[in-house]
Amino acid sequence: IFGTIVAAFYLIVDKDGTERLLKAILPAQYERPTLLVFSRFKDKIKNWFTAQLALSLIVGLVVCFGLWILNVRYFVVIAVLAAVFELVPIIGPVITGIVAFLAAVSDSVTLGIYAVIFFFIVQQLENHVLTPLVMGRALRVHPVIVVVSLLAGAQIAGFTGIILAVPVAVLAQEIFEYFSDRKKDREAMI
């Protein structure tokens with residue numbers, strides 16, 4: 001995993017590094033289609049990253065507002081944590097929920113329970129409504145595909161699978177669209 005991250009970093013930092021690598025290793029007949037699919041994939045990954053940042057901002061604002069209404073101390077700090085940890089699927093929101101619970105329970109056990117209930121509701125809405133809608137719109141992928149890919153990624157590779165699920169689904173969609181476009185072009189020529 002570490003080697004993959006380091007290689008990806010250097011390929012991203014080097015402008016057109018991935019394209020040059022693909023040109024170097026691919027046979028000539030596969031170069032053009034692969035670069036076309038990669039170019040479309042790269043655009044969608046930029047959209048994915050932007051959507052992920054938007055989700056973080058939305059969750060941070062919702063947490064800030066909700067904890068403010070509940071009158072939990074340090075609600076702004078917890079909201080910033082929620083926004084940052086939103087980038088870490090599953091574990092991030094749990095950590096933020098624990099921090100909110102500890103801050104709330106220092107005032108009263110009832111407030112701590114309300115904070116846990118609030119975080120549970122936010123997490124459910126984010127997982128089942130917000131993420132599929134935002135990712136679906138940003139990537140032009142149906143929300144059901146986003147949900148199914150997240151579930152499959154979690155089942156296949158756990159935490160790493162969740163992180164990679166949407167990009168892999170987008171890559172698969174780009175490959176299928178490329179072959180579909182080629183088939184339509186061939187049928188139009190006939």
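Since every read-out is calculated from the coordinates, none of them should be taken as a lab result. Quantities reported herein were computed from a predicted structural model and do not represent experimental measurements. For neighbour counting, all protein chains shown are included, and Cβ atoms are generated from backbone atoms with ideal geometry for every residue, glycine included.
Could you work out how far helix 91-105 tilts from the main Cα principal axis of the chain, as a 0 to 90 degree angle to the nearest 10?
10
What would the Debye equation give as log₁₀ I(q)/I(0) for the range 13-128 at q = 0.15, 0.18 Å⁻¹, counting only Cα atoms as equal point scatterers?
Log-scaled intensity ratios, in q order: -0.67, -0.82.
Given a 10 angstrom Cα cut-off, can you work out which residue in V168, V147, V59 is the most mobile in a GNM of the chain?
V168
Using the alpha-carbon atoms, what tilt in degrees (0 to 90, nearest 10) does helix 143-189 show relative to the longest principal axis of the chain?
Tilt of helix 143-189: around 30 degrees.
Report the charge-dipole magnitude of the chain in Debye, nearest 20, computed about the Cα centre from +1 at each Lys and Arg Cβ and -1 at each Asp and Glu Cβ. Provide the component values of the computation, followed by the final result.
Working: 15 positive and 13 negative charges, 80 e Å.
So the dipole magnitude of the chain works out to roughly 380 debye.
Listed highest first by mean packing, meaning other Cβ atoms within 10 Å per residue, what order do 126-135, 77-86, 156-165 come in?
Numbers: 126-135: 17.5, 77-86: 20.1, 156-165: 15.8.
Taking the mean over residues of other Cβ atoms within 10 Å, the ranking is 77-86, 126-135, 156-165.
Return one number: the angle in degrees, 0 to 90 and rounded to the nearest 10, between the long axis of the Cα atoms of helix 28-70 and the longest principal axis of the Cα atoms of the chain.
10
Could you compute the net charge surrounding E177? Neighbours are other residues with a C-beta less than 11 Å from the C-beta of E177; K and R count +1, D and E count -1.
With Lys, Arg at +1 and Asp, Glu at -1, the net is +4.
Using helices alone, what [θ] at 222 nm do you get for the chain, with -39,500 (n - 2.57) per DSSP H run of 4 or more residues, divided over all residues and rounded to the nearest 500? Please report the intermediate quantities before stating the final value.
Values: 8 runs with 163 residues, N = 190.
Taken over the chain, the calculation gives -29500 deg cm²/dmol.
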